[in-house]
Amino acid sequence: MRVIAKSTLKKFWEQPAHADARGALQSWHDEALQAAWQTPQDIKNHYRHASLCGNNRVVFNVAGNKYRLVVEVQYQAGIVWVKFVGTHAQYDNIDVETVNEH
């Protein structure tokens, strides 16, 4: 898959308060680049705790469920758009289906 945009992930883990997310986000990014997800079930098969939401959104638990990553997957185009990465508290204040922070 093509992941857009790694810079959003990097901006997040470069904040001192979120430095502990770096390894988990880099691993997720590397795995997503190697993936060939054709359906939401393909994601669930690899990430059983991922939440499938409307608008082709998927929520991943990151760093032992300390953070949340929201992406939009365009399966036919092979693109994963990073829409949000943040703490649980920040996640609680967004609408997963419409958030669009790059």
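The values are calculated or read from the model by the stated rules, or taken from the named source; none is laboratory data. Note that the coordinates shown come from a computational prediction; the quantities given were computed from them, not determined experimentally. We place every Cβ from the backbone using ideal geometry, glycine too, and count neighbours over all the protein chains shown.
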message: Any residue at all in the stretch 63-86 that's in contact with a strand residue (DSSP E or B) (Cβ under 7 Å, 6 or more places away or on another chain) and acidic (Asp, Glu)?
response: yes
- prompt: Under the condition of being of a type outside the set (A, V, I, L, M, F, W, C) and in contact with a strand residue (DSSP E or B) (Cβ under 9 Å, 6 or more places away or on another chain), which residue from the stretch 21-40 is nearest to Trp81 (Cα to Cα)?
  reply: His29
query: Tell me, which residue of the stretch 59-102 that is in contact with a helix residue (DSSP H, G or I) (Cβ under 6 Å, 6 or more places away or on another chain) and not in a loop (DSSP other than H, G, I, E, B) is farthest from Ala19 (Cα to Cα)?
result: Val80
- line: Residues in the stretch 1-20 that are touching a residue at least 24 places away in the same chain (Cβ under 8 Å), among the hydrophobic types (A, V, I, L, M, F, W, C) and over 19 Å from Trp81 (Cβ atoms) total 0
message: Please determine whether any residue of the stretch 23-38 is assigned to a strand (DSSP E or B), in contact (Cβ under 8 Å) with a residue 24 or more places away in the chain, surrounded by 12 or more Cβ atoms within 10 Å (Cβ to Cβ) and not acidic (Asp, Glu).
response: no
- prompt: Which ones in the stretch 52-86 are of a type in the set (S, T, N, Q) and free of Cβ contacts under 8 Å to residues at least 24 places away in the same chain?
  reply: Asn56, Asn61, Asn65, Gln74, Gln76
field: Per-region count, the stretch 74-102, residues more than 15 Å from Ile43 (Cβ to Cβ), in contact with a Ser or Thr (Cβ under 7 Å, 6 or more places away or on another chain) and at pLDDT 95 or above
entry: 1
